[in-house]
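Enquirer: First the structure, which I've put down as structure tokens, then a few questions once you've had a look.
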Amino acid sequence: MQTSRPTTTYRGLGDASNPVWRWDPRTQACQPALTVDEVSGRAVVRLMSLVDLLRNADRVLALSGSTAGEDVAVFEYLMAILYSSDHVPTSPEEWRRWVEGQESLSPAADWLAGEPDDRWDLFHPERPLGQNSELAPFLDGHGVGHAQVVIERAGDYNQFFDKSHLYDPEPMRPDVALRAMLAQHAYGLGGRAMAKADWLGPQLTYQAVGRLGTRIRVIAMGPTLGDTLRLNLVPSRDRQPTFNYSWTDGRRRRRTFRSGKEPRLPDGLADLYSFLGRSILLRPVLVDGRLMVDRVLMAAGELLAPLPPAYLQDAVLTRSGNYEGPLRPSADRAVWQEAHALYAAAADRFKGADLYDRLADLPDRTVNLWAVGLVARKSAAVKWVSDSFPYTSGLQVDLKWAADEGSAMCEYAAKALWSAAATAREAAYPNAKPADRKPQTARFNGSREMWAGAAAPFHALLDSVNANQRPDAGPLEAFGREIRTTMRNALRSRLASLPPGERGMRARFQAESRLKQMLNAEKCPAYLKGSPDD
């Protein structure tokens, strides 16, 4: 039995007036969102357009894309639309009224719905939304599979000798391509692009790291999308906001790629949140009458100059060695292990006009601080990391205290487990070669299991402190007991690989004695002290 092959039609740069080739995210479903079904009352995920997201923002629980980074990118795009519509609070006092009174976002939805159609066409031949149509002459000959636009699937930008991994026999839906493109603009990694110097200029091939690609982005989350948008709006008096519809929208002069880096500062928050960090061009196709994307061409985009604090209001500032700046995502440390820095951003700062100060002015308001980052190995994405932390205005000092103490306990526990592992190694292999000592110690070191086991108790600690509404050592004492138990189980699990006989028994006894000694040392954090068997 023969199966019919899909009929595929490719469009050149032709007729922009043909509605078959138009795709508009204002009216087309483009973003998965978690909503409550009106009949069953259950939470369901459904695709919604940009206009519907804003008009129904107080009935949408949250965005629900395929990755945390994708949701951040779409959220910031909605923020850019709010700033462009001029429907934003203009002062901290008005912002507070917006948040407490749940100001409707429908005026922004009305503004968006009334925008000219050609500004929002993803496949416009001259001004495609979010893209650079100057790449069009090179798309058919040099474009690759649509997987290139998806950060998690593209692989190392410097390893494009074999591009077969970028192809997919199934073309990509426009809504998926849009969300992936927005994530590229915000999080795209550095490296060489598959673009030639004689196309638009020699700088076209050098892709810069996106504006969120090296830091943790923090978003204050409310119970609905509307609450979350209002909480994160920065009061603004910008009456002429610049929204980046496309590279060739004529609203500003873009970089030329012929000279140096040409960075620029955004002229407002609408410009910042719609910044075109990549030159991207998607090739539309009709597959059995459905509009899809089958090829992508991607190269360098605009460059941001170093941003002033006004554009980094959520940033968690840290100091580590010679580095001082926004908190970075790490492959070795989970986001919760840096929660103490997040709470320090909310508690240990001078009065100013930033996100954490505005949150502190909301009486007894509880939100979740959602932290998101992209871990990368040079120009290859490793994984998205994210976590949420409770925050109630008035309790920021107590939460910081709990996070500081909990973090200190875990850090000390990791050192104690390493010390016990080193003791076991010395007893089991007293004559080990210098090159063998490190892997042998790692074999008996249970700190990785301890860190993994501490995540849930740490979140329970923060939730308990946030719910108590008063300073209380009880949650920290409970956390200390949990960590001691986790340490004991992790060490015993690791020591199970000791050789049998007297040497193994001696190594086990000495390692467990060392752990007890560490847990009763003067330097041990107060709430961690005790026996591992308590």
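Enquirer: Going by the conditions given, is Ser464 loosely packed, with under 14 Cβ neighbours inside 10 Å, assigned to a helix (DSSP H, G or I) and within 40 Å of the chain's Cα centre (by Cα)?
Expert: no
Enquirer: Considering each of Asp361, Asp404 in turn, give the residue that is closer than 22 Å to Ala455 by Cα and open to solvent by 30 Å² or more (accessible area, probe 1.4 Å).
Expert: From the options Asp361, Asp404, the qualifying one is Asp404.
Enquirer: Another question, then. Please enumerate the residues belonging to region 108-152 that are in a helix (DSSP H, G or I), open to solvent by less than 60 Å² (accessible area, probe 1.4 Å) and hydrophobic (A, V, I, L, M, F, W, C).
Expert: Selection gives Ala108, Ala109, Leu112, Ala113, Trp120, Leu135, Ala136, Phe138, Leu139, Ala147, Val149, Ile151.
Enquirer: May I pose another question? So which residues in region 514-534 are exposed (fewer than 14 other Cβ atoms within 10 Å of the Cβ) and without any contact (Cβ under 8 Å) to a residue 60 or more places away in the chain?
Expert: Asn520, Ala521, Glu522, Ala526, Ser531, Asp533, Asp534
Enquirer: Give region 407-418 a look and list any residue that's in contact (Cβ under 8 Å) with a residue 24 or more places away in the chain and either open to solvent by 10 Å² or more (accessible area, probe 1.4 Å) or in contact with a strand residue (DSSP E or B) (Cβ under 7 Å, 6 or more places away or on another chain) (or both), or say none.
Expert: Within region 407-418, Ser407, Ala408, Tyr412, Ala414, Lys415, Trp418 meet the criteria.
Enquirer: Still on this structure, I have one more. In region 39-51, is there at least one residue being farther than 23 Å from Val176 by Cβ and buried (at least 18 other Cβ atoms within 10 Å of the Cβ)?
Expert: no
Enquirer: Quick check on my filter: what residues within region 293-340 are polar (S, T, N, Q), open to solvent by less than 60 Å² (accessible area, probe 1.4 Å) and not in a strand (DSSP E or B)?
Expert: Gln313, Ser330, Gln337
Enquirer: Another question, if that's okay. Please go through (1) at pLDDT below 95; (2) open to solvent by less than 40 Å² (accessible area, probe 1.4 Å); (3) among the β-branched types (Val, Ile, Thr) for Thr366 and return the number of the only condition it doesn't satisfy.
Expert: Answer for Thr366: the failing condition is (2).
Enquirer: Okay, next question. Of everything in region 220-239 that's part of a loop (DSSP other than H, G, I, E, B) and closer than 15 Å to Pro89 by Cα, which residue is most open to solvent (accessible area, probe 1.4 Å)?
Expert: The residue in question is Arg237.
Enquirer: Quick one: which residue in Val88, Val60, Val44, Val74 is of a type in the set (A, V, I, L, M), on the phi < 0 side of the Ramachandran plot and in contact with a Pro (Cβ under 9 Å, 6 or more places away or on another chain)?
Expert: Going through Val88, Val60, Val44, Val74 in turn, just one is of a type in the set (A, V, I, L, M), on the phi < 0 side of the Ramachandran plot and in contact with a Pro (Cβ under 9 Å, 6 or more places away or on another chain): Val88.
Enquirer: When the residues of region 262-292 are filtered to those that are exposed (fewer than 12 other Cβ atoms within 10 Å of the Cβ) and not small (Gly, Ala, Ser), which remaining residue is farthest from Ser84 (Cα to Cα)?
Expert: Asp288
Enquirer: Which one of the conditions (1) outside any strand (DSSP E or B); (2) farther than 22 Å from Arg119 by Cα; (3) among the hydrophobic types (A, V, I, L, M, F, W, C) does Ala270 fail to meet, given that it meets all the rest?
Expert: Failing condition for Ala270: (2).
Enquirer: Residues of region 181-194 being open to solvent by less than 10 Å² (accessible area, probe 1.4 Å) and of a type in the set (A, V, I, L, M), which ones?
Expert: Of everything in region 181-194, those that are open to solvent by less than 10 Å² (accessible area, probe 1.4 Å) and of a type in the set (A, V, I, L, M) turn out to be Met181, Ala183, Ala186, Leu189.
Enquirer: Return the total of residues in region 370-401 being closer than 17 Å to Val150 by Cβ, among the small types (Gly, Ala, Ser) and crowded, with 17+ Cβ neighbours inside 10 Å.
Expert: Qualifying residue count, region 370-401: 3.
Enquirer: Another question, if that's okay. Being of a type in the set (D, E, K, R) and touching a strand residue (DSSP E or B) at 6+ places or on another chain (Cβ under 7 Å) is the filter here; which residues of region 458-505 pass it?
Expert: Asp463
Enquirer: Taking only region 486-512 into account, find how many residues are part of a helix (DSSP H, G or I) and open to solvent by 40 Å² or more (accessible area, probe 1.4 Å).
Expert: 13
Enquirer: May I pose another question? Would you be able to say whether some residue in region 83-91 is within 26 Å of Met221 (Cβ to Cβ) and surrounded by fewer than 16 Cβ atoms within 10 Å (Cβ to Cβ)?
Expert: yes
The values are calculated or read from the model by the stated rules, or taken from the named source; none is laboratory data. Since the model is a prediction, treat every value here as computed from it, not as a measurement. Neighbour counts run over all protein chains shown; Cβ positions are idealised from the backbone, glycine included. Accessible surface is based on the protein model in full, side chains and every heavy atom, while ligands, DNA and RNA are left aside. Shrake-Rupley method; radii C 1.70, N 1.55, O 1.52, S 1.80 Å.
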